[in-house]
Amino acid sequence: MLLGAHLSISDGLDKALINIHKMGGNCLQIFSASPRIWQRKNPSENQISLFLKTKKELRISPIYFHASYLINLAGDSRIGDVSTNNLIAELGLAAKLGVKGSIIHLGSYKEEKTPAKTKTLLCNIKTILDNTPANTFFIIENAGNRKIGQSLEEIGAIITAVNNPRLKVCLDTCHLHAAGYDLRSLEKLNKFISLFDTLIGLNRLELFHVNDSKDEFASLRDRHDNIGEGKIGLESFRHLLNHPDLKQLPFIIETPGFDGQGPDRKNLDILKSLI
C-alpha cells in the first residue's frame, strides 16, 4: 500500500525523505520552493545526488511536487506567463530529482469564465507540456471551492481539449466533499468512480489526497481535518483505501496533525488500521 504525507523541505530535500520514512510512509509530496512567493530554489548537484541516493536507500516512491499556491494559468498575461514559467522550471527540476510530476491547482477565472480566459488556460497548459520533460506529469487537482476544477465535467473538458497523456488527476477527498461529491458509503463511492471513469477515465487518476473535512457536505469550503475528526468519517476512508479500483494508488495526507504541526504518524496509523 502506498501511504505518505506532504512534508516540509525547510531542513533540506533529503530530510523530507528521512522524515516520511520515520513516520512509516513510503511515498511523499513536497513543495519545490516556498508556495507563497515566486522565487525558486535551485538545488546544487550535491543536493540532487543526496536526494536521489536517500530516495533509493529508503525506497520512497512515488514523490510529487505540489505547485505554488500563486499559480493561475487562466490569469492575465503577466500572471499567466509567470505561472507558466514557474511550472516549466518545476517540472524540469522534477525530472532531475526523479519526482513524478507536479500537482496543480489551475487557478481562477476571477469574476467570470469567458472563452478568452479558457483559451488562455488551455494554451498555457500546452506550453508547459511542450517545454518540459516527457517523463513528468502535469497533475490537475480538483477544487473544493469555486475555482477551476470544481467539477469532474470541467476537468474532463480540459483534459479532452489538451489531449496529452501526461495530464493526470489528483483527487482530494476534502475537496470532493466540499464540492458535493458524496463518498460516504460504498454505494456512493462506486457511483463516483463510475462517473469519474465516464467523464475522465480511471487511467488518468494518479493519486488521492486523503483529508477529512471540517465543513459540511457541499459547503464549497475546503478546510482539511484529521482523519476521523471531520465530516467525512472513518468508514468512507475504509471503503476508499480498500476499493479494488483504487487501492494500488498513492494516498497522501495533508492533514493539520493531531498536535497542529501538520501531517503526522497518527494520521497515517489510522489509515493503516483501516486497510
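Suppose R0 equals 30 Å; then what is the FRET efficiency for residue 39 and residue 131 from their Cβ-Cβ distance, rounded to the nearest 0.05? Kindly include the intermediate steps, with their values, before the conclusion.
Details: r = 20 Å, r/R0 = 0.68.
Efficiency, rounded to the nearest 0.05: 0.90.
Please give me, ordered by residue number, the trypsin sites (Lys or Arg not before Pro) of the range 163-233 that lie in loop per DSSP and have at most 13 other Cβ atoms within 10 Å.
Details: sites: 166, 168, 184, 188, 191, 204, 214, 221, 223, 231; in loops: 166, 184, 214, 221, 223, 231.
Answer in residue order: no site qualifies.
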So what's the net charge close to residue 264: Lys and Arg +1, Asp and Glu -1, counting the other residues with Cβ under 15 Å from its Cβ? -2
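From the C-alpha coordinates alone, can you work out the Kirkwood hydrodynamic radius of the chain, in Å? Don't skip to the end; give the middle numbers.
On the way: mean 1/r = 0.0530 Å⁻¹.
Kirkwood radius, the chain: 18.9 Å.
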Would you work out which of 85, 68, 27 lies farthest towards the positive end of the dipole of the chain? Charges go on Cβ: Lys and Arg +1, Asp and Glu -1. 85
Sorting 175, 239, 21 by accessible area (1.4 Å probe), largest first, what list results? 21, 239, 175
Which helices, taking whole DSSP H runs in the chain, have alpha carbons extending 24 angstrom or more along the helix axis plus mean Kyte-Doolittle at least -0.5? 77-97
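On a full-extension model of 0.36 nm per residue, what is the gain between residue 235 and residue 57, subtracting their alpha-carbon distance, rounded to one decimal in nm? Don't skip to the answer; put the middle values down first.
Values: separation 178, 0.36 × 178 = 64.08 nm, distance 3.47 nm.
Once the chain is fully extended between residue 235 and residue 57, it gains 60.6 nm.
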Neighbour net charge for residue 91 - beta-carbon separation under 13 angstrom, K R +1, D E -1: +3
With the full set of protein chains in place, find how many percent of the accessible area of the range 2-273 is carbon and sulfur; take the probe as 1.4 Å. 49
Round to the nearest 10 and report in Å² the accessible area of residue 224, as given by a 1.4 Å probe over the protein chains' heavy atoms. 40
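The values are calculated or read from the model by the stated rules, or taken from the named source; none is laboratory data. Values in this document were obtained by computation on a predicted structure and should not be read as measured data. Cβ atoms come from the backbone with ideal geometry, glycine included; neighbour counts cover every protein chain shown. Accessible surface is based on the protein model in full, side chains and every heavy atom, while ligands, DNA and RNA are left aside. Shrake-Rupley method; radii C 1.70, N 1.55, O 1.52, S 1.80 Å.
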